[in-house]
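Structure first, commentary second.
The values are calculated or read from the model by the stated rules, or taken from the named source; none is laboratory data. The structure presented is a predicted model; accordingly, all values stated were derived computationally and were not measured. Note that we place each Cβ from the backbone using ideal geometry, even for glycine, and neighbour counts take in every protein chain shown.
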Amino acid sequence: MSRKKSQKSRGSGGSSSSSSPAASSLPPKDGGKSCSPDSQVPLDGVVVPGRPSLSNSAEFYDLAFKVMLVGDSGVGKTCLLVRFKDGAFLAGSFISTVGIDFRNKVLNVDGVKVKLQIWDTAGQERFRSVTHAYYRDAHALLLLYDVTNKTSFDNIKAWLTEIHEYAQQDVVVMLLGNKVDSAHERVVKKEEGEKLAKEYGVPFMETSAKTGLNVDLAFMAIGKELKHRSMKIPNEPKFKLHEYVKKEVKGSGCCKS
Ligand SMILES: Nc1nc2c(ncn2[C@@H]2O[C@H](COP(=O)(O)OP(=O)(O)OP(=O)(O)O)[C@@H](O)[C@H]2O)c(=O)[nH]1
Ligand SMILES: [Mg+2]
């Protein structure tokens, strides 16, 4: 996707807990076990050289960014987040997310502590107006479809239209084809995902929240891109997100791609 307009409210005061609708009014999907909100902190995306890392009680960080998970209901957004945060897979019956929820994770990106505040949105249509309010402050969006569900793939164009409408012009977008472990149920080829991503100019990878394939990579790639955008270090080579993803991505090892 081509995004040419300049940043609007990045840098100091880009987004803060007070500018987002309260998430606490929404019940956590699993009784608070896996998705209870961490405490909120300002997300300014700015590092001050030489000062100690900021503290959010137990967590220290230099930069903070807001990342949103979006896509149809059932594509695996919550499972992807739980896999990334806790290294576990939420097996068992599918409990759809209600409204929106978030979790924090601090990544070490080239020696800089980058805190990602990751917002897990509900894919169900009836929550769409709730989630629209959160796009405005997002620095990055992970847009998911399910490789075993053609409708979720066909709906990606509509999601991208929605992103253009509600998100910042320079938001980082990455397309993820999830559930590649389900090789026998696959109905969307890897090449189709690649083609669509190319059409919109966004990086793409296939993931599995079940096995963990490429999950950490997806968030690390986002963290690196946001860190490099935020910190201009003299003589540092420009970070190229597409190239990084191409180099680091792992295949599903499946013949049916
Ligand atoms: N095989 C497989 N199943 C998955 C994977 N990710 C999620 N699932 C299953 O897909 C179902 C839906 O997963 P969720 O993560 O709850 O989906 P969601 O996108 O958060 O759905 P909403 O909250 O309704 O928007 C659950 O039954 C998961 O166990 C995956 O990578 N592989
Ligand atoms: Mg969910």
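Okay, here's what the table says:
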read-out: Selected residue (criterion: modelled with the highest pLDDT) from residues of the range 228-250 that are outside any helix (DSSP H, G or I) and in contact with a strand residue (DSSP E or B) (Cβ under 8 Å, 6 or more places away or on another chain); value: Val249
read-out: Within the range 192-217, considering residues that are within 21 Å of His164 (Cβ to Cβ) and aliphatic (A, V, I, L, M), the one surrounded by the fewest Cβ atoms within 10 Å (Cβ to Cβ); value: Leu196
read-out: Tally of residues being under 23 Å from Thr211 (Cβ atoms), out of contact with any Leu (no Cβ under 9 Å at 6 or more places or on another chain), of a type in the set (Gly, Ala, Ser) and assigned to a helix (DSSP H, G or I) across the range 149-192; value: 1
read-out: Filter result for Val130 (aliphatic (A, V, I, L, M), in contact with a Pro (Cβ under 9 Å, 6 or more places away or on another chain) and within 13 Å of ligand 1 (Cβ to nearest atom)); value: yes
read-out: Residue tally, condition among the polar types (S, T, N, Q) and in contact with a Leu (Cβ under 8 Å, 6 or more places away or on another chain), over the range 215-244; value: 1
read-out: Of residues in the range 58-92 being in a loop (DSSP other than H, G, I, E, B) and more than 13 Å from ligand 2 (Cβ to nearest atom), the one surrounded by the most Cβ atoms within 10 Å (Cβ to Cβ); value: Asp62
read-out: Number of the condition not met by Thr121 [criteria: (1) of a type in the set (S, T, N, Q); (2) touching a helix residue (DSSP H, G or I) at 6+ places or on another chain (Cβ under 8 Å); (3) away from ligand 2 (no atom under 16 Å from the Cβ)]; value: (3)
